[in-house]
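Visitor: My questions all concern the structure below.
The values are calculated or read from the model by the stated rules, or taken from the named source; none is laboratory data. No experiment lies behind these values; they were computed from the predicted model shown. Backbone-built Cβ (ideal geometry, glycine too); neighbour counts: all protein chains shown. Please note that ligands, DNA and RNA were not included when accessible areas were found on the heavy atoms of the full protein model with its side chains. Shrake-Rupley method; radii C 1.70, N 1.55, O 1.52, S 1.80 Å.
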Amino acid sequence: MVMSNYSIQTRLLHNTYSIDQTTNGVSTPIHHASTYHQEDTDQFGKYDYSRSGNPTREALETAIADLEGGTNGFAFASGMAAISTSLLLLSRGDHLLVTEDVYGGTFRFVSQVLNRFGIEYTFVDMTNYELVKNSFQENTKAVYLETPSNPLLTVTDVRAISSLAKQHNCLVYVDNTFLTPEIQQPLQLGADIVLHSATKFLGGHSDVVAGLAVTNNEEIAKQLYFLQNTFGAVLGPQDCWLILRGLKTLHARLKLSVQSAEKIAAFLEKHPLIKEVYYPGLKNHQGYEIQKNQAKNGGAVLSFLLESKEHVQQFVEHIQIPVFAVSLGAVESILSYPKTMSHSSVPDDECEKRGIQDGLLRLSVGLEDPDELITDINQSLEKIVKKETLFSK
Ligand SMILES: *Cc1c(COP(=O)(O)O)cnc(C)c1O
């Protein structure tokens, strides 16, 4: 069945692997075999050993490649495994430009691991085109973007930065975890490699850790396959199946979550205790226009700024519905405190430089009734007000 003419909404459900070839089962089988019987000494079948290739993983890798509009997908044991393995395309002496407010784990890998192997890096504000332009060095080989970024939802113009990178013969990596191919497809905007923590929206149920990489370039695909098989951080078949199942409801889940996020952002924007709302779906957001040009909507994650850590503590103490945890992109709303959670590996002075303030909270909006979420947020904010007035008396 050729599905390429259909929308993502339909392709999430119907693809080459959605009906099992041998049984017609309407669910991809989980192939646990680690090794495969071969007929003779010289000619091996399609599969020989599951690190090198596994039918369940292949189904997932094919599905994500199709959804991102790429040619090849690769599944890894975590988002960080996908990111780290893909960054091993770089060699000693190469230089990497990285978006300033990159995911904490990526920051750690670049600044504490890659550098030990002689790979240089510069963190730059990717929203500042002139600055990016002037940051290229003779040995710059790649540009690494995350848009919208974490936790301030800063939007980078993927087309503009990609075309700049191409002028310097650089690879472009985009971490697309926050939006998924349902909302944004970086390969269509000029990127070479798209990365995912599939732990988030793609899995969607807070029950699996997984990572994906996709490219639309045959040469890069060969090298990524080599690295995936060599480094060996592949995703197990059971977890591949969980991501495949998560994908089926991606459109439906995001549709609801995005609608609710828009509603909640609008509510927060008007609340006197909120100093700032960071959501690329809001008209006054730094990257609203760019976001509109490169993505379908603002996504389902937003951050907001309270006055102080004390306010954050009071708010978190009283909030009822969202879980208070690291991670995002799940059916349940997840509230998190970037400073000590997702960005705990980023030093204090770096946090300050990047605007990750003491009063900042991030909310990943799930599938709960949005009005109930707003009521809940409102009552928690009221508790802060009550305490304030008590003190001021
Ligand atoms: C969670 C996350 C990662 C890391 O993924 P893991 O699956 O936790 O290893 C990378 N990038 C972003 C944007 C993330 O949110």
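Visitor: Just to be sure I understand, how many residues within segment 136-174 are under 12 Å from the mean Cα position of the chain (by Cα) and open to solvent by 10 Å² or more (accessible area, probe 1.4 Å)?
Guide: Of the residues in that region, 0 qualify.
Visitor: Looking at (1) within 16 Å of the ligand (Cβ to nearest atom); (2) touching a Pro at 6+ places or on another chain (Cβ under 6 Å); (3) in a helix (DSSP H, G or I), which is the one condition that is false for Pro280?
Guide: Of (1) within 16 Å of the ligand (Cβ to nearest atom); (2) touching a Pro at 6+ places or on another chain (Cβ under 6 Å); (3) in a helix (DSSP H, G or I), only one is false for Pro280: (3).
Visitor: Of the conditions (1) over 12 Å from the mean Cα position of the chain (by Cα); (2) within 16 Å of the ligand (Cβ to nearest atom); (3) closer than 25 Å to Lys248 by Cβ, Ala191 satisfies every one except a single condition; which number is it?
Guide: Of (1) over 12 Å from the mean Cα position of the chain (by Cα); (2) within 16 Å of the ligand (Cβ to nearest atom); (3) closer than 25 Å to Lys248 by Cβ, only one is false for Ala191: (3).
Visitor: What are the residue pairs meeting all of these: first residue in segment 296-319, first residue closer than 14 Å to Ser364 by Cα, second residue small (Gly, Ala, Ser) and open to solvent by 10 Å² or more (accessible area, probe 1.4 Å), Cβ atoms under 7 Å, and 6 or more apart or on different chains?
Guide: Here the result reads Gly298/Gly281, each pair linking segment 296-319 to a residue that is small (Gly, Ala, Ser) and open to solvent by 10 Å² or more (accessible area, probe 1.4 Å).
Visitor: From the list Leu367, Leu302, Leu381, pick out the single residue that is in contact with a His (Cβ under 7 Å, 6 or more places away or on another chain), crowded, with 16+ Cβ neighbours inside 10 Å and either of a type in the set (A, V, I, L, M, F, W, C) or in a helix (DSSP H, G or I) (or both).
Guide: Answer to the selection: Leu381.
Visitor: Follow-up. So which residues in segment 321-339 are within 14 Å of the ligand (Cβ to nearest atom), part of a loop (DSSP other than H, G, I, E, B) and among the aliphatic types (A, V, I, L, M), if there are any at all?
Guide: Across segment 321-339, the qualifying residues are Ala325, Val326, Leu328, Ala330.
Visitor: OK, next. Given the condition within 16 Å of the ligand (Cβ to nearest atom), open to solvent by 10 Å² or more (accessible area, probe 1.4 Å) and either acidic (Asp, Glu) or in contact (Cβ under 8 Å) with a residue 24 or more places away in the chain (or both), answer yes or no: does some residue in segment 209-224 qualify?
Guide: yes
Visitor: Does Leu247 satisfy the condition of being crowded, with 22+ Cβ neighbours inside 10 Å, away from the ligand (no atom under 15 Å from the Cβ) and farther than 30 Å from Glu382 by Cβ?
Guide: The answer is yes for Leu247.
Visitor: A further question follows. Could you list all residues from segment 340-364 that are in a loop (DSSP other than H, G, I, E, B) and open to solvent by less than 10 Å² (accessible area, probe 1.4 Å)?
Guide: Selection gives His343, Val346, Ile356, Gly359.
Visitor: Another one. Return the total of residues in segment 62-87 being of a type in the set (Asp, Glu) and within 16 Å of the ligand (Cβ to nearest atom).
Guide: Counting residues in segment 62-87 that are of a type in the set (Asp, Glu) and within 16 Å of the ligand (Cβ to nearest atom) gives 1.
Visitor: When you scan segment 320-339, do you find a residue that is at positive phi and open to solvent by 10 Å² or more (accessible area, probe 1.4 Å), even just one?
Guide: yes
Visitor: While we're on this one: Quick one: is Asp125 more than 16 Å from the ligand (Cβ to nearest atom), surrounded by fewer than 19 Cβ atoms within 10 Å (Cβ to Cβ) and either of a type in the set (Asp, Glu) or not assigned by TED's automatic domain parsing to the domain that holds Asn229 (or both)?
Guide: For Asp125, the condition - more than 16 Å from the ligand (Cβ to nearest atom), surrounded by fewer than 19 Cβ atoms within 10 Å (Cβ to Cβ) and either of a type in the set (Asp, Glu) or not assigned by TED's automatic domain parsing to the domain that holds Asn229 (or both) - is met.
Visitor: Of these, Arg51, Arg57, Arg92, which one is of a type in the set (D, E, K, R) and either open to solvent by less than 10 Å² (accessible area, probe 1.4 Å) or under 25 Å from Pro347 (Cβ atoms) (or both)?
Guide: The conditions single out Arg57.
Visitor: State which residue pairs qualify: first residue acidic (Asp, Glu) and inside segment 96-109, second residue assigned to a strand (DSSP E or B) and open to solvent by less than 10 Å² (accessible area, probe 1.4 Å) in any location, beta carbons under 9 Å apart, and separation of 6 or more residues or different chains.
Guide: Hits for this filter: Glu100/Val124; Asp101/Glu146.
Visitor: Pairs needed: first member in segment 190-204, modelled with pLDDT under 95; second member anywhere, more than 7 Å from the ligand (Cβ to nearest atom) and not charged (D, E, K, R); C-beta distance under 9 Å; at least 6 residues apart or different chains.
Guide: Filtered contacts from segment 190-204: no entries.
Visitor: I've got another one for you. Please work out which residue is nearest to the ligand (Cβ to nearest atom), limiting yourself to segment 90-105 and to residues that are part of a loop (DSSP other than H, G, I, E, B) and in contact with a Leu (Cβ under 7 Å, 6 or more places away or on another chain).
Guide: Asp101
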